[in-house]
Structure formats: C-alpha cells, structure tokens
Amino acid sequence: MPDPETLERHVLGTLAAAARADPSDIDRATVLSDLGLDSLTLVSMLAELEAALDLALTDDDTLEVLGARNAGELVAAVSRIAGRSPGTGKPR
C-alpha cells in the first residue's frame with residue numbers, strides 16, 4: 001500500500017478528473033454531491049481506482065465507497081480497502 005499522502009493525492013486526483021474539476025479545488029472537505037457526481041460516475045471512478053491501485057474490491061467495498069459523503073470519507077474508505085486488499089494498493 002502506498003503511503004497515506006500518496007494514496008490521498010491519487011484518490012483526490014481521480015475524483016477531480018471524474019468531476020472535471022481542477023485538482024486544487026478538491027480537498028478532504030469537498031462534498032461529493034457538490035461536484036455533481038452521480039452513483040454511476042462514482043462506480044466508474046472506483047473501477048479506475050481498483051485498476052490503478054491493484055485493489056480487489058468486494059460488493060461491501062463498493063457500498064462503502066458509494067456511502068462516502070465527502071472527499072475525506074472517500075479517501076478513508078479507499079485507504080481501508082487498500083489496507084485489506086490482496087493487491088498491492090500501489091499506484092501504477
């Protein structure tokens with residue numbers, strides 16, 4: 001698993017790309033609904049993170065990510081998933 005700072009930058013960068021937002025406008029307090037992201041976009045973003053971080057996601061992992069209300073909760077969820085995933089959790 002990458003260090004927490006690298007993981008956070010990667011998740012926030014992926015979030016910014018999905019929202020078509022400037023990465024400097026996204027921080028842990030950013031509310032996901034304020035970015036106009038729907039659940040389909042979040043699932044697509046999660047698939048990108050799964051591939052990029054070599055994660056093995058379960059259905060419960062997907063639900064955990066979809067339950068995130070802000071970027072900080074999203075980062076925390078991906079960090080927990082990366083910590084228990086059989087993959088490397090390292091950005092490719």
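The values are calculated or read from the model by the stated rules, or taken from the named source; none is laboratory data. Here the structure is a predicted model, which is why all the values come from computation and not from measurement. Virtual Cβ from ideal backbone geometry, glycine too; neighbours counted across all protein chains shown. Ligands, DNA and RNA are excluded from the accessible area calculation, which covers all protein heavy atoms including side chains. Shrake-Rupley method; radii C 1.70, N 1.55, O 1.52, S 1.80 Å.
A few remarks follow.
- When the criteria are applied in full, ASP38 fails the requirement of being among the charged types (D, E, K, R), over 13 Å from the mean Cα position of the chain (by Cα) and modelled with pLDDT of 90 or more.
- Residue list for region 69-82, restricted to those being touching a helix residue (DSSP H, G or I) at 6+ places or on another chain (Cβ under 7 Å) and either within 15 Å of THR14 (Cα to Cα) or surrounded by fewer than 19 Cβ atoms within 10 Å (Cβ to Cβ) (or both): ARG69, ASN70, ALA71, LEU74, VAL75, ALA77, VAL78, SER79
- Where a residue in region 21-39 is open to solvent by 80 Å² or more (accessible area, probe 1.4 Å) and its partner, wherever it lies, is assigned to a strand (DSSP E or B), with Cβ under 8 Å and at least six apart: ARG28/ASN70
- Every residue from region 57-68 that is in contact with a helix residue (DSSP H, G or I) (Cβ under 8 Å, 6 or more places away or on another chain) and exposed (fewer than 13 other Cβ atoms within 10 Å of the Cβ): GLY67
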